[in-house]
Ligand SMILES: NC(=O)c1ccc[n+]([C@@H]2O[C@H](COP(=O)([O-])OP(=O)(O)OC[C@H]3O[C@@H](n4cnc5c(N)ncnc54)[C@H](OP(=O)(O)O)[C@@H]3O)[C@@H](O)[C@H]2O)c1
């Protein structure tokens, strides 16, 4: 039985759909009333618990032998995920598959790169099987900019920096694969899309796919902070995003790796495919 955290989120929802399609015994954790219905309709078990309530997590995870670990980074990120790992090992879980992030090291200037690195290091030293997935920036992040994109502007702060964007549906496919197939224990996979792209390249793809002229607009840090301030994000997340953009602008992102195709046997989705599939979302905002 696979225990799935983050099931109501972006990657988790996709993972649940593909596990359910193969009738893989899985149990999801959800925390808000009503969220269980979609999982029950898929034929998955759903148990209500909160990551920060150890008793509820203990009850929910009991009897599972694999864990898909994904939580939302915040100042308690490392403490929270390490507590979930300890609990899983205590309950007899044999394999943990964790979603981390590509630019990860413990002295990073980026808060969630540091916390992911700390968790990854902890996990690697545990006496069970583990697989760490380190994806680059998600193509779906562009959906957060659907409104300006629909008006012809792609705001960014990346200069000429390149990012090998990945469609998060491919991360979910890799996760399903490593959770259900042998041969992925004690492995760290850097997951990228098929091309490293500048913001200008992305704007060209959007122009071609949406049929409207989109300009990449390189914003100052001050303007980016102002714009993020309207998004409802708190100061911790805004600081982290600004730092992430600076790393990207300074050429700090990883190259295309080819890991997705090697693991799942099919090429990762291109940005062209992504834009075509989400065309209506961009054009109706
Ligand atoms: N975005 C990127 O470009 C990028 C790139 C590389 C790596 N990553 C990593 O990817 C992960 C985010 O993946 P995602 O976008 O799929 O996540 P997401 O959509 O933000 O989902 C977060 C999930 O965690 C659940 N959750 C949060 N706090 C909880 C709590 N206290 N108790 C129970 N459930 C809780 C949420 O439940 P609710 O539905 O109830 O809120 C949701 O299911 C992060 O680790 C991030 O660092 C992101």
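The values are calculated or read from the model by the stated rules, or taken from the named source; none is laboratory data. Because the structure is predicted, anything quoted here is derived from the model rather than measured. Here the Cβ positions follow ideal geometry from the backbone for every residue, glycine too, while neighbour counts run over all protein chains shown.
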Q: Hey, could you check segment 41-79 for residues that are over 16 Å from residue 30 (Cα atoms) and within 18 Å of the chain's Cα centre (by Cα) and say which is farthest from the ligand (Cβ to nearest atom)?
A: 75
Q) residue 144 versus (1) more than 15 Å from residue 214 (Cα to Cα); (2) at pLDDT 95 or above: which is the lone unmet condition? A) (2)
**Q.** Restricting segment 155-171 to residues that are surrounded by fewer than 21 Cβ atoms within 10 Å (Cβ to Cβ) and touching a strand residue (DSSP E or B) at 6+ places or on another chain (Cβ under 8 Å), the residue that is nearest to residue 66 (Cα to Cα)
**A.** 162
(Q) Being crowded, with 19+ Cβ neighbours inside 10 Å, touching a helix residue (DSSP H, G or I) at 6+ places or on another chain (Cβ under 6 Å) and not assigned by TED's automatic domain parsing to the domain that holds residue 77: is that true of residue 174 here? (A) yes
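Within segment 1-32, work out how many residues are within 11 Å of the ligand (Cβ to nearest atom) and touching a strand residue (DSSP E or B) at 6+ places or on another chain (Cβ under 9 Å).
Qualifying residue count for the region: 15.
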Q. With respect to the numbered conditions (1) within 29 Å of residue 74 (Cβ to Cβ); (2) touching a helix residue (DSSP H, G or I) at 6+ places or on another chain (Cβ under 8 Å); (3) surrounded by 13 or more Cβ atoms within 10 Å (Cβ to Cβ), which one is the sole condition not fulfilled by residue 229?
A. (3)
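Residue check: is residue 105 closer than 20 Å to residue 240 by Cβ and surrounded by fewer than 18 Cβ atoms within 10 Å (Cβ to Cβ)?
Working: closer than 20 Å to residue 240 by Cβ: yes; surrounded by fewer than 18 Cβ atoms within 10 Å (Cβ to Cβ): yes.
So residue 105 passes the test.
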(Q) Return the residues of segment 123-149 that are exposed (fewer than 15 other Cβ atoms within 10 Å of the Cβ) and within 15 Å of the ligand (Cβ to nearest atom); say none if nothing qualifies. (A) 141, 144
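Considering only segment 91-107, state which residues are more than 11 Å from the ligand (Cβ to nearest atom), in contact (Cβ under 8 Å) with a residue 12 or more places away in the chain and either out of contact with any strand residue (DSSP E or B) (no Cβ under 8 Å at 6 or more places or on another chain) or not in a strand (DSSP E or B) (or both).
Initially, segment 91-107 is screened for residues more than 11 Å from the ligand (Cβ to nearest atom), giving 91-97, 105-107.
With in contact (Cβ under 8 Å) with a residue 12 or more places away in the chain added as a condition, the list becomes 91-97, 105-106.
91, 92, 93, 94, 105, 106, listed by residue number.
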Q.
So, residue 35, is that one within 15 Å of the ligand (Cβ to nearest atom) and surrounded by 13 or more Cβ atoms within 10 Å (Cβ to Cβ) or not?
A. yes
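Checking the conditions here, which among 88, 113, 117 is within 11 Å of the ligand (Cβ to nearest atom) and not in a strand (DSSP E or B)? It would help to see each step written out before you state the result.
Numbers: 88 fails: within 11 Å of the ligand (Cβ to nearest atom); 117 fails: within 11 Å of the ligand (Cβ to nearest atom).
The conditions single out 113.
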